[in-house]
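The block underneath contains the structure these notes are about, expressed in structure tokens.
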Amino acid sequence: MSDPLLTVRGLKVHFPVYSKGWFPRQSGAVKAVDGLDLTVHRGEVLGLVGESGCGKSTTGRALLRLVPLTAGEVVFDGVDLAKLKGEELRRMRRRMQMIFQDPYASLNPRMTVGDIIAEPLGAHDLVPAGERQKKAQELMERCGLDPAFVRRYPHEFSGGQRQRIGIARALASDPDFIVCDEPISALDVSIQAQILNLLQSLARERNLSYVFIAHDLSAVRHISDRIAVMYLGRIVETGTYAEICDNPRHPYTQALVSAIPVPDPVIERRRKRIVLQGDVPSPLKPPSGCPFHTRCPAVRDQRCSTEAPRLRELDGRQVSCHFAEDIGDLTGRTAS
Amino acid sequence: MAELVEGTSLWQDAWRRWRKHRVSVASAVVLAFVIVFCAIGPPLVQAIWGWTYEMQDIPLGAVPPSAEHPFGTDQLGRDLMVRTMHGGRVSLLVALVATAVSLTVGVTYGAVSGYSGGRVDAAMMRFVDIMMSTPYLLLVIVLMAVIPPSSVSFAGLDGSFVLMFGALGLVSWLVLARIVRGQVLSLKRREFVEAARAIGVKPHLILFRHIVPNTLGPVIVYASMTIPGVMLSEAFLSFLGLGIREPQASWGTLVNEGSNAMSVMPWLLVFPGGLMTLTLFCLNFLGDGLRDALDPSARKS
Amino acid sequence: MSLLRVEDLHTHFHTEYGTVKAVNGVSFEVDRGEIMGLVGESGSGKSVTNLSILKLIPTPPGEYAGGRILFDGEDLLKTPESKLRTYRGNRIAMIFQDPMTSLTPYMRVSRQLTEVLELHQGMTGRAAKKRAIELLEMVGIPDPANRVDSWPHEFSGGMRQRVMIAIALACKPELLLADEPTTALDVTIQAQILELIKDLAREHGTAVIMVTHDLGVVAGIADKVSVMYGGRIVERAPVEPLFASPKHPYTRGLLASVPRLDSRGELTPVKGSPPDLTALPPGCAFAPRCPLVHDQCAQQPPWFGEHTLGARCWKEQA
């Protein structure tokens, strides 16, 4: 697992904000991703969690260069995607795909399921035109759909089935790497596990690497080898799933983990929550210093509000907190 | 492999819904009759009675409807039925051409503008703004005054026709371009378009396979609603003496002439006016039905 | 006598595809100070049940096809609309899922709060404003005296939901109907809101019906749980036994299919998709997806006592 497939260094994605008028000028920028480092190994599932507005979806799109990058490099199998242009980039897309959150919005309503799934085959000329529908049917079967429905349209399927169509499409060009952007959060509870299991078995069977984006840490823990936690456009902590979920070190990760309800009333009654005050600051004007210092329950001194902490090694994981060694467990639990 | 299950596309679905809209379907049938009446009428009339739209019988003058002249005749003794048919051809053709221009120019312009975004979009839309804020009549009057009709006669069509098509086509695409641009702007951000980019679909295919087909619903509805507007504009221009000229006729000119003699020769107004009103009614109902069928979420229950 | 007692409620919708039996014979009761979790997936009828209690279902296409809703002994389905209006927002309050759309965008937050106070408590002017500030403080809005005159769009989603709760709390309701109040919010905000609702039940003795699909939320907040499937309650139990030993195969399937933060066991998904409410099977609605299905299930819906605990399942009762 030491072989990195994707390495991200100093990634920034800023969305310009324009003034109103006939010929608008840039007046500011939303710093959706602001200096992010990340590594994904071959065959690894990396969970990317954070709350709404933390930039996790933008990060996922930046990894595939679906949004313009402001700075930094995204090296995929030795090639810096940030430097690719037009046709070179388009060719590269065969090897990296995406699965979207909303199975209703991510399928063109005017195309048949067969045409949707076969589209990557045509875009990269992988299979002769006459054989594409057959290939689409094979993919449908693998993803748990009845191949007889190849001529149907997306609106004739349920949410879970549509997500399977989206997965089949992502698999069609036989990629190495897939960004899964909240692939289960729009689905019914009883369907979520079906899709999670499908994604997991596909990853094993085809040695796929995923970046699995979600706000639900429970689902991320289930599928990920490693987890990265984002806050305001930066990674605050990365580690193995067990390190992050069972023994978080960064105060934000601790608060996040403590806030996630567990379906067990006995455990729930005993748990201590770290209730964060206030809301996430606007990425248009992120706070100075540590981005979390405005809400941090363990905020110490001036250093927190003036100096931005770097992501650094701590007991085998990476944390970006000046005082990660000292703060301990904020819920008052003793480490087990 | 098991037998394939055929799906129902959104177009088929809309067709099924439209067929349930009785008034709209009836309107389409009536419209078809009107079109056939105007299209094959004149040669038939000529074969049976020998009248053409410009044939005068000045001694006869204006007579009320009879077996020989079912719609009566005008002051110059011309058969009103064949003139109404001929006028219908002109009016419908004007509407059709203006709509075709607005569809092709408007959809392409709007789609390109919306998809390009940024400065290209800003510049293209400012041009539309300028065109829209120019008084449309002024534009047409200047155009017609500057260009002599005889210089633009084309494919056997009278120059005044070509000018009329040009003038109406020039302005009719503006609104459609805005509508399509708005549609494209919102579609561009939809996930299935992003999905197409992520797959590696080529840009022109993204625009014409994924975006444009999804704008067509509102476009069709809008087009069906523009036709009456164009027909009324033509009538208005002709009324001002800027459009169709004698001995040519359109429904607009016929209604204009008829209204002058309304009290003494009512048939001159009733027949062309009635047919035109009927056509406009049908187009409106047709548009209503299309809107309900293509955009079921907007329908009031 | 319970504060709210729903008996054999039927709510139907007449659509062009047929009659949708969204609520198909639902009974439950909630006491003062008690929090009931109403759990189910989309289309299970949980939200329609909640809306029916306040008679907020538009008729047509909806229809209250039967049953009784006894609130403090009075059948709300028979109560005239004019009297119901004095209950809504006063004795019975409601919180909706979407905090972005449930506040009026063209009214200041202060006005939206004082409106309720004026309407139901006869408070006006300064007194109402003062109370509005108190309420905002109670729900944890920082600097309430200055923020009370803000416009809704100046607040974030979490803050808007807190305003909604402040409006709901304004008249110290006896019954609070919460329809997925935290689904649109982040988990750290969700924790704040859930604490708030718990305090309300504990301190004011408000009865709460918490509609949600999130079993974790229910485990944390509810005293008892009703699980809905296909328009019916399929299992009813106090919260601890429900999670410790679920009786209905659907409840069991649901619990086995949710990933948990504290373990990483295999997930066993429930097969198939939720039922089509226009064509419910004559027997048990869960039969097509049930791992324990047998002949009897397809023919006849399992028997279930009006207010007994347990599961609506033939296997369980055999």
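Under a straight-distance cross-link criterion of Cα-Cα below 24 Å, which lysines are reachable from A:LYS135, leaving out those fewer than 8 residues away in the same chain?
Leaving aside lysines fewer than 8 places away in the same chain, those within reach of A:LYS135 are B:LYS202.
Nearest 500 deg cm²/dmol is fine: what mean residue ellipticity at 222 nm does chain A get from its DSSP H runs of n ≥ 4 alone, each adding -39,500 (n - 2.57), divided by its residue count?
It lands at -9000 deg cm²/dmol.
Report the accessible area of B:PHE208, computed with a 1.4 Å probe over the heavy atoms of all protein chains in place, in Å² rounded to the nearest 10.
Looks like 120 Å² after rounding.
Could you report the accessible area of B:THR226 in Å², rounded to 10, computed with a 1.4 Å probe on the protein chains as they sit in the structure?
Result for B:THR226: roughly 20 Å² accessible.
Using a Förster distance of 56 angstrom, determine the FRET efficiency expected from the C-beta separation of A:LYS85 and C:ALA244, and round it to 0.05.
According to the calculation, E is roughly 0.40.
Relative to the longest principal axis of the C-alpha atoms of chain C, give the angle of the C-alpha long axis of helix C:109-121, reported between 0 and 90° and rounded to the nearest 10°.
Approximately 80 degrees, to the nearest 10.
By how many nm would the segment from B:VAL142 to B:GLU68 grow when fully extended, if each residue of separation counts as 0.36 nm and the alpha-carbon distance is taken off?
Residue separation times 0.36 nm, minus the Cα-Cα distance, leaves 22.3 nm.
If a/c stays under 1.5 just call it rounded; otherwise compare a/b with b/c (prolate if a/b is bigger, oblate if not). Do that for the range A:47-163, with a ≥ b ≥ c from the square roots of the Cα gyration tensor eigenvalues.
Taking the square roots of the gyration eigenvalues as a ≥ b ≥ c, the range A:47-163 is oblate.
Just the number please: accessible area per residue for the range C:1-125, 1.4 Å probe, all protein chains included, in Å².
I get 44 Å² per residue for this part.
Determine the dipole magnitude for chain A: charges of +1 sit on the beta-carbon of Lys and Arg, -1 on that of Asp and Glu, nothing else is charged, the reference point is the Cα centre, and the result goes in debye to the nearest 20.
The dipole magnitude comes to about 740 debye.
Provide B:ARG178, C:ARG162 ordered by accessible surface of protein heavy atoms (probe 1.4 Å), highest first.
So, going from the largest accessible area down, we get B:ARG178, C:ARG162.
Let me know the shape class of the protein assembly as shown, please: from the alpha-carbon gyration tensor, a ≥ b ≥ c as square roots of the eigenvalues, rounded when a/c is under 1.5, otherwise prolate if a/b is greater than b/c, or oblate.
Note, shape of the protein assembly as shown comes out prolate.
Which angle from 0 to 90°, rounded to the nearest 10, does the C-alpha axis of helix A:113-123 make with the longest principal axis of chain A?
80
Restricting attention to the range C:29-127, which trypsin sites (Lys or Arg not before Pro) occupy a DSSP loop and are surrounded by at most 14 other Cβ atoms within 10 Å?
Taking the range C:29-127 and a limit of 14 other Cβ atoms within 10 Å, the loop trypsin sites (Lys or Arg not before Pro) found are C:LYS78.
So how much accessible surface do A and C hide from each other in total, probe 1.4 Å, in square angstrom to the nearest 100?
So the total buried area for this chain pair works out to about 3600 Å².
Which percent of the accessible heavy-atom area of the range C:228-318 goes to carbon and sulfur, probe 1.4 angstrom?
Answer for the range C:228-318 is 58 percent, counting heavy atoms of protein chains only.
So, counting K/R as plus one and D/E as minus one, what does the shell of residues with Cβ under 15 Å around C:LYS130 add up to?
+1
Are any of the pairs C:LYS247/C:LYS271; C:LYS46/C:LYS172; A:LYS272/C:LYS172; B:LYS20/C:LYS21; A:LYS56/C:LYS271; C:LYS46/C:LYS315 more than 20 Å apart by Cα-Cα distance, and if so, which?
Cα-Cα > 20 Å for C:LYS46/C:LYS172; A:LYS272/C:LYS172; B:LYS20/C:LYS21; A:LYS56/C:LYS271; C:LYS46/C:LYS315; rest within.
Report in % the part of the accessible area of the range A:170-272 that belongs to carbon and sulfur, leaving out ligands and nucleic acids; probe 1.4 Å.
Summing carbon and sulfur atoms, their accessible area is 44 percent of the total for the range A:170-272.
What figure in square angstrom, to the nearest 10, would you give for the accessible area of B:ILE35 with a 1.4 Å probe?
Ignoring ligands and nucleic acids, B:ILE35 comes out at about 90 Å².
About the Cα centre of the range C:220-318, how large is the charge dipole given +1 on each Lys and Arg Cβ and -1 on each Asp and Glu Cβ? Please answer in debye to the nearest 20.
120
Enumerate the lysines that A:LYS285 could reach by cross-link, defined here as Cα to Cα under 16 Å, with residues fewer than 8 away along the same chain left out.
Output for A:LYS285: A:LYS12, A:LYS31.
Taking every pair of alpha-carbon atoms in the range C:1-110, give the share separated by more than 16 Å as a whole percent.
Percent of Cα pairs beyond 16 Å in the range C:1-110: 64.
How large is the Kirkwood hydrodynamic radius of the range C:109-174, counting all unique pairs of alpha carbons, in Å?
When all Cα pairs of the range C:109-174 are included, the Kirkwood radius is 11.5 Å.
Give the calculated FRET efficiency between A:ASP77 and B:ARG16 to the nearest 0.05, with a Förster radius of 45 Å applied to their Cβ-Cβ distance.
0.35
Counting each DSSP H run of 4 or more residues in chain B as -39500 (n - 2.57), what helix-only mean residue ellipticity at 222 nm follows after dividing by all residues, to the nearest 500 deg cm²/dmol?
Rounded to the nearest 500, the figure is -24000 deg cm²/dmol.
Of all beta bridges DSSP finds with both residues in the protein assembly as shown, what is the antiparallel percent, to the nearest 5?
About 60 percent, rounded to the nearest 5.
Please give the FRET efficiency for C:HIS153 paired with B:SER259, using the beta carbon to beta carbon distance and R0 = 45 Å, rounded to the nearest 0.05.
Calculated transfer efficiency: 0.25.
Of C:GLU63, C:GLU180, which has the most accessible area with a 1.4 Å probe, and how do the rest follow in descending order?
Accessible-area ranking of C:GLU63, C:GLU180, largest first: C:GLU63, C:GLU180.
What's the buried accessible area, both sides, between B and A using a 1.4 Å probe, rounded to 100 Å²?
Rounded to the nearest hundred, the buried surface is 3200 Å².
What does the charge count around B:GLY289 come to, taking other residues whose C-beta lies under 10 Å from its C-beta (Lys +1, Arg +1, Asp -1, Glu -1)?
+3
Under 16 Å Cα to Cα from C:LYS83, which lysines show up? Leave out anything in the same chain fewer than 8 places away.
Those lysines meeting the cut-off are C:LYS55.
When a/c is below 1.5 the answer is rounded, else prolate if a/b is larger than b/c, else oblate, so apply that to the range A:217-290 with a ≥ b ≥ c taken from the square roots of the Cα gyration tensor eigenvalues.
Verdict is oblate for the range A:217-290.
The values are calculated or read from the model by the stated rules, or taken from the named source; none is laboratory data. Everything numeric here is computed off the predicted structure, so don't read it as measured data. Quick reminder, even Gly has a Cβ in these numbers, built from the backbone with ideal geometry, and neighbours come from all protein chains shown. What goes into the accessible areas is simple: the full protein's heavy atoms, side chains included, and nothing from ligands, DNA or RNA. Shrake-Rupley method; radii C 1.70, N 1.55, O 1.52, S 1.80 Å.
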